[in-house]
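Reading through the structure tokens given below for one structure.
The values are calculated or read from the model by the stated rules, or taken from the named source; none is laboratory data. Every value quoted in this text rests on a predicted model; they were computed, and no experiment measured them. Cβ placement follows ideal geometry from the backbone for every residue including glycine, while neighbour counts extend to all protein chains displayed. Heavy atoms of the whole protein, side chains included, go into the accessibility calculation; ligands, DNA and RNA do not. Shrake-Rupley method; radii C 1.70, N 1.55, O 1.52, S 1.80 Å.
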Amino acid sequence: MQLVDKVKEWFFPEPSSALYDVPLLYAMLCLIGVGFVMVTSASMPAGERIFGNPYHFTLRHGAFIALSSLLFVMATTVPMDWWKKANPYLLLIGVVLLLIVLVIGREVNGSKRWIPVGPVGIQAAELAKLFFFSYIAGYLVRKREEVQENLKGFAKPMAVFAVYASLILLQPDLGTVVVMFVTTVGLLFLAGAKLWQFFALILTGVGMVVLLIIVEPYRMARVVSFWEPWNDPFGKGYQLVQSLMAYSQGGWFGQGLGNSVQKLQYLPEAHNDFIFAVIGEELGFVGVVSILMLLATLVFRALFIGQKALKNGREYEGYLALGIGIWFAFQTMVNIGASAGILPTKGLTLPFVSQGGSSFMVMTVAAGVLFRIDFETKMATRQATTRGSKR
């Protein structure tokens, strides 16, 4: 019982005098710290081979952390009223960015996802993702009764999603579309949509994903290799086989930091999409569970902040926080599931751990928004309590 109480105290602590969510802050800082160490460890062979500098990706990731820290501070100072008022403009900016990337975007591995800005590239879909979730939160506040009572209110946000999804699929980037779809469906369900609409939407979404996989040979190859990677261990199943080998060598406590064998030119994208496999090999089962607990804290605190905001009548803030929590949870599940052979391989980063500039920065901004929501909710509660006590 003491262990259960400790877990409850960590995930759902009693209200305190802190104006920010302490567990969320600790979890985020720990993930960023562990991510920096693991990116350094996993990327050194690739940095040496490609750039002649083993610390190339480390320096790059450090620069993104510094820039993200600035963006985080800025996000915590922006009032939520600004996000509410800027909703339609942000939605339009997201569409414009998705159009621009199709015209002038830099192509990497057959995908046009990055808008070149000097020495770096901005991944348009990552920004569009956050802007779209902000729009959905605003829509649910304005049209909540429509969503609950008729199909029209349910269909409008899905029409906007269809526009975003179509543009993102032209890059192509099915992983981002799936994350957006799951988050949107989750928010509509939490807003009180009817069950038959909810299940109809899920079945439609699953059908569309299956169709998109079938019509593209490279996606079908990923699914086939996911089912039986050992049938072609040096071809279509190579990346997953190497990832599974990394996990298998980890044991309870791992091979030791820096001692991964699979990162030595065997496992592609070891510092990006498959960094969790390197964590499993170097830090073992204990390290994997520790990272999962930090990620669980991140997600549960986001959901808790959203629930608290809704209870205090701050609907936009509540839905946005819940959307961010669902987004972080599902992206974590897809990243880890892909590297462990549970799900087909998708190019999605592990929140605050993987090396990835645009994704890392946008998620840091989203975390800053969570802190702002929590701060404003606490301030509103304290003001209401103070006024009540004076009476």
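The label point for PHE199 and the one for LEU25, both projected 7 Å from the Cα toward the Cβ, are 4.6 nm apart. Computed 3J(HN,Hα) for the stretch 230-243, one whole-Hz value per residue from the Karplus formula 6.51 cos²θ - 1.76 cosθ + 1.60 where θ = phi - 60°, is 6, 6, 9, x, 10, x, 5, x, 4, 4, 5, 4, 5, 5, glycine and proline marked x.
Residue by residue, the stretch 44-57 carries 3J(HN,Hα) couplings of 4, x, 5, x, 5, 6, 8, 10, x, 9, x, 9, 4, 6 Hz when phi is fed to the Karplus relation 6.51 cos²θ - 1.76 cosθ + 1.60 (θ = phi - 60°); x denotes Gly or Pro. Quick one: of LYS156/LYS236; LYS129/LYS152; LYS84/LYS346; LYS85/LYS346, which pairs are farther than 28 Å apart, Cα to Cα? Flagged as over cut-off: LYS156/LYS236; LYS84/LYS346; LYS85/LYS346. In the chain, the longest principal axis of the Cα atoms and the axis of helix 195-215 are about 30 degrees apart.
Solvent-accessible area of LEU211, all protein chains in place: 90 Å² (probe radius 1.4 Å, heavy atoms, ligands and nucleic acids excluded). The mean accessible area for residues of the chain, using a 1.4 Å probe and ignoring ligands and nucleic acids, is 47 Å² per residue. Based on the alpha-carbon gyration tensor of the stretch 65-145 and its eigenvalue square roots a ≥ b ≥ c, which shape applies: rounded if a/c is under 1.5, prolate if not and a/b is larger than b/c, or oblate? Oblate is the answer for the stretch 65-145, as a/c is 1.5 or above yet b/c matches or exceeds a/b. Rg then Dmax, both in Å and based on the Cα atoms of the chain: 21.3, 75. Shown for the chain: the carbon plus sulfur share of the solvent-accessible area, taken with all protein chains present and a 1.4 angstrom probe, equals 69%.
Helical content of the chain, expressed as a calculated mean residue ellipticity at 222 nm, amounts to -25500 deg cm²/dmol (DSSP H runs of 4 or more residues, -39,500 (n - 2.57) each, divided by residue number, nearest 500).
Rounded to the nearest Hz, the phi-derived 3J(HN,Hα) couplings of the stretch 161-170 under the Karplus curve 6.51 cos²θ - 1.76 cosθ + 1.60 (θ = phi - 60°) are 4, 4, 5, 4, 4, 4, 5, 5, 5, 6, where x marks glycine and proline.
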